[in-house]
Amino acid sequence: MKGPSSLFLIFLLAFAVQAQNTKNDPEGPEYYQVIKNYKALAAQYDNTKLLEFGPTDSGKPLSLFLVQNEKIEGEDLATLSKDKLVIFINNGIHPGESCGIEASLKWLERLLQAPIDQEIVIAVIPVYNIGGLLQRRPHTRANQNGPALQGFRGNARNLDLNRDFIKADARNTLEFYRIFQSLQPHIFIDTHTSNGADYAYTMTLISTLADKLAPPMANLLKEKMEPALYASMKMKNWEMTPYVNVFGRTPDNGFSAFLESPRYASGYTALFNTIGFISEAHMFKPYADRVAATEAFLESVYEFSSAESAEIRKAKKAADQWQVEAESFPIDWELDSTVIEKLNFQGFKSAQLNSHLGPYKRLKYFRDSAKNTVLNYYPHYATAVDAQVPRFYVIPYAQREVIERLQAHSIKMIPLKKDTLMECDFWEIQEYEFGSQPYEGHFRVENIKAKREKAIRKFYQGDLLVPGQQVQAYFLASVLHPLGRDSYLSWGFMHSILGRKEYFSPYVFEETAEQLLANDGELKAEFEAWQKANPAQAKSDYASLNWIYQRSDYFEEEYLRYPIGFIN
Ligand SMILES: [Zn+2]
């Protein structure tokens with residue numbers, strides 16, 4: 001049946017499910033009910049508080065639930081988190097992956113029945129992608145094993161919020177900045193449900209790449225925290241494996257760690273020395289198990305934090321200091337396949353079978369046939385581009401998309417009091433490509449090659465001097481260096497430098513060009529060499545004159561010149 005009647009049935013189903021809801025909806029969480037449950041918790045315990053930020057793209061506020069041991073006074077996050085260890089949990093960035101939305105509530109309801117560790121503040125976003133959860137319906141996750149109604153991945157603007165942490169197209173992201181920068185959390189958890197291969201584990205885990213954290217936090221993560229979390233989850237009968245980072249193939253030949261560049265939640269939080277975890281519950285496991293495993297993981301993180309709170313806080317402090325003094329940061333990476341860890345892996349046997357649909361092979365896993373193997377795991381990404389930290393960046397006032405995003409991070413910026421000539425390093429874009437189609441609302445600039453040059457340039461009153469060495473130094477290097485994997489240039493905030501503004505008319509420029517060659521013997525020789533090497537082009541008036549024009553003072557220096565200067 002098509003048309004209005006089938007639509008009516010869907011409405012009926014949705015309302016029937018909602019009507020049955022009391023607390024934790026076995027059919028998947030519903031936005032208003034989730035917020036109602038948090039309000040009830042906030043009313044019940046005075047050591048909690050439910051705050052509203054926003055609005056988000058959906059027009060609805062972004063809720064933040066806070067927990068500590070004593071009564072929560074005031075609403076200032078920075079005051080609340082001062083001298084405490086902060087665990088920050090984000091749920092429902094992909095609302096079809098709703099395990100964490102339910103797990104957080106269940107865990108908090110349990111946790112609040114006893115005293116909380118005095119040194120810890122827990123901050124939870126109940127639902128981050130509100131617009132996506134409001135669209136809950138069957139079928140948004142083709143491969144996933146329930147719940148019956150699932151939110152949609154795109155937000156109210158159809159953005160994947162887990163690609164938005166640098167470009168910040170969504171209001172949700174700007175609110176996230178505000179919360180995150182005020183809390184300065186030690187630990188961040190983003191809850192998800194996996195796609196990809198099939199295997200025995202209910203819970204898989206992405207941890208921040210240690211390569212991206214300052215040494216004190218990297219060591220803590222690698223040597224203590226990760227081993228403790230894996231052991232703790234095993235004790236709770238939810239043995240984990242690193243996120244199985246394969247698509248369209250089995251994990252049998254091994255797999256690498258997930259490279260979370262700054263556009264992703266934990267890639268962003270790593271820029272501020274926050275240890276990030278992405279819990280990825282396995283999509284084929286029963287929904288109740290996925291929720292329970294996610295809840296166990298939240299609890300394990302809390303237990304470790306409580307046991308090691310002094311050490312975690314000390315490491316974060318040392319890391320923040322390290323960051324202010326660091327001379328360079330990695331801003332692009334490539335997999336280092338020479339660093340191999342052996343991973344005990346509980347997989348399933350699989351085969352390539354003939355499809356019943358067409359003349360092709362299809363991958364089939366046999367869930368009844370365990371295949372326990374030792375796989376190669378590649379945890380290390382080598383630095384492909386290392387950004388030197390300048391004394392100052394100089395950002396023209398006109399770059400307002402850039403400036404607004406730095407302002408949202410409370411970055412220290414000093415406006416020039418008057419027009420000033422400055423010697424700076426500049427980047428000249430030499431090569432680039434556009435993505436063939438829009439990606440998350442942008443035609444990205446890819447494969448950028450650029451060379452660095454010294455030049456004296458005029459900056460104007462109101463342009464901004466940004467000290468390179470500050471607490472947000474890694475963030476600045478990641479977004480302001482043109483070769484960063486997620487630089488503002490790559491996200492298309494400076495497309496206008498990629499186009500020329502002025503041209504010439506050949507019939508007028510002919511005499512000028514003649515004069516230019518007459519005055520510059522070297523240029524003349526180069527021109528004649530070019531003519532010899534390009535006989536076809538040499539017959540064109542425009543091509544010939546353009547060759548000379550581009551090497552003359554008439555040619556605009558703004559073209560392909562990255563607008564931000566670097567003072568060393
Ligand atoms: Zn996800």
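The values are calculated or read from the model by the stated rules, or taken from the named source; none is laboratory data. Bear in mind the structure is a predicted one, so any value in this text is a computation, not a measurement. All Cβ positions, even for glycine, are placed from backbone atoms using ideal geometry, and neighbour counts span all protein chains on display. Ligands, DNA and RNA are stripped out before the accessible areas are found, and what is left, the full protein with its side chains, is counted by its heavy atoms. Shrake-Rupley method; radii C 1.70, N 1.55, O 1.52, S 1.80 Å.
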Mind listing just one residue for me: the one in the range 227-244 that is open to solvent by less than 30 Å² (accessible area, probe 1.4 Å) and either among the charged types (D, E, K, R) or under 18 Å from residue 195 (Cα atoms) (or both) and, of those, nearest to the chain's Cα centre (by Cα)?
-> 243
Odd one out for residue 332 among (1) under 20 Å from the mean Cα position of the chain (by Cα); (2) within 16 Å of the ligand (Cβ to nearest atom); (3) not hydroxyl-bearing (Ser, Thr, Tyr) = (2)
Is it true that some residue in the range 445-459 is touching a helix residue (DSSP H, G or I) at 6+ places or on another chain (Cβ under 8 Å), farther than 30 Å from residue 321 by Cα and of a type outside the set (Phe, Trp, Tyr)?
-> yes
Determine whether the range 544-552 contains at least one residue that is closer than 30 Å to residue 452 by Cβ, outside the structural domain of residue 453 (by TED's automatic domain parsing) and open to solvent by 70 Å² or more (accessible area, probe 1.4 Å).
-> yes
Within 16 Å of the ligand (Cβ to nearest atom) and either surrounded by 24 or more Cβ atoms within 10 Å (Cβ to Cβ) or more than 26 Å from residue 174 (Cβ to Cβ) (or both) - does that describe any residue in the range 50-72?
-> no
Find the residue count for the range 322-363, including only residues that are within 21 Å of residue 204 (Cα to Cα) and of a type in the set (Lys, Arg).
-> 2
Out of curiosity, is residue 160 open to solvent by 20 Å² or more (accessible area, probe 1.4 Å) and either out of contact with any strand residue (DSSP E or B) (no Cβ under 8 Å at 6 or more places or on another chain) or away from the ligand (no atom under 13 Å from the Cβ) (or both)?
-> no
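Each row is one residue, and each column tells you yes or no for (1) within 16 Å of the ligand (Cβ to nearest atom); (2) surrounded by 20 or more Cβ atoms within 10 Å (Cβ to Cβ); (3) farther than 20 Å from residue 103 by Cβ.
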position	(1), (2), (3)
132	yes, yes, no
165	yes, yes, yes
182	no, no, yes
185	no, yes, no
Name every residue in the range 268-295 that is open to solvent by less than 10 Å² (accessible area, probe 1.4 Å), farther than 11 Å from residue 188 by Cα and within 16 Å of the ligand (Cβ to nearest atom), in order of residue number.
-> 281, 282, 283, 290, 291, 293, 294
Scanning the range 511-564 residue by residue, the ones that are part of a helix (DSSP H, G or I), under 28 Å from residue 424 (Cα atoms) and of a type in the set (S, T, N, Q) total 1
Per-region count, the range 280-298, residues touching a Leu at 6+ places or on another chain (Cβ under 8 Å) and farther than 13 Å from residue 193 by Cα = 1
Tell me, please, whether a residue that is touching a residue at least 40 places away in the same chain (Cβ under 8 Å) and of a type outside the set (Val, Ile, Thr) can be found in the range 513-522.
-> no
Can you find even one residue in the range 101-122 that is among the small types (Gly, Ala, Ser), surrounded by fewer than 24 Cβ atoms within 10 Å (Cβ to Cβ) and assigned to a helix (DSSP H, G or I)?
-> no
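Every residue, every condition in (1) within 16 Å of the ligand (Cβ to nearest atom); (2) out of contact with any Cys (no Cβ under 9 Å at 6 or more places or on another chain); (3) on the phi > 0 side of the Ramachandran plot; (4) free of Cβ contacts under 8 Å to residues at least 40 places away in the same chain, yes or no:
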site: 90; (1), (2), (3), (4): yes, yes, no, no
site: 94; (1), (2), (3), (4): yes, yes, no, no
site: 103; (1), (2), (3), (4): yes, yes, no, no
site: 108; (1), (2), (3), (4): no, yes, no, no
site: 114; (1), (2), (3), (4): no, yes, no, yes
site: 118; (1), (2), (3), (4): no, yes, no, no
site: 123; (1), (2), (3), (4): no, yes, no, no
site: 128; (1), (2), (3), (4): yes, yes, no, no
site: 169; (1), (2), (3), (4): no, yes, no, no
Going through (1) open to solvent by less than 30 Å² (accessible area, probe 1.4 Å); (2) in a strand (DSSP E or B) one by one, residue 411 fails only at (2)
Scanning the range 142-157 residue by residue, those more than 16 Å from the ligand (Cβ to nearest atom) and of a type in the set (A, V, I, L, M, F, W, C) turn out to be 148, 149, 156
Residue set 299, 327, 311; condition more than 22 Å from the chain's Cα centre (by Cα), within 16 Å of residue 474 (Cβ to Cβ) and of a type in the set (Asp, Glu); output residue 327
Could you please find all residues in the range 134-152 being touching a helix residue (DSSP H, G or I) at 6+ places or on another chain (Cβ under 6 Å) and open to solvent by 30 Å² or more (accessible area, probe 1.4 Å)?
-> 134, 152
Which members of the range 497-511 meet the condition of being open to solvent by less than 60 Å² (accessible area, probe 1.4 Å) and either free of Cβ contacts under 8 Å to residues at least 24 places away in the same chain or closer than 30 Å to residue 433 by Cα (or both)?
-> 497, 498, 499, 500, 504, 505, 506
Matching entry among 213, 209 (being closer than 25 Å to residue 407 by Cα and touching a residue at least 40 places away in the same chain (Cβ under 8 Å)) = 213
Of (1) open to solvent by 30 Å² or more (accessible area, probe 1.4 Å); (2) more than 21 Å from the chain's Cα centre (by Cα), residue 195 fails just (2)
Out of (1) in a helix (DSSP H, G or I); (2) farther than 27 Å from residue 270 by Cα, the odd one out for residue 476 is which?
-> (2)
Determine, yes or no, whether residue 83 is within 26 Å of residue 308 (Cβ to Cβ) and either more than 16 Å from the ligand (Cβ to nearest atom) or not assigned by TED's automatic domain parsing to the domain that holds residue 191 (or both).
-> yes
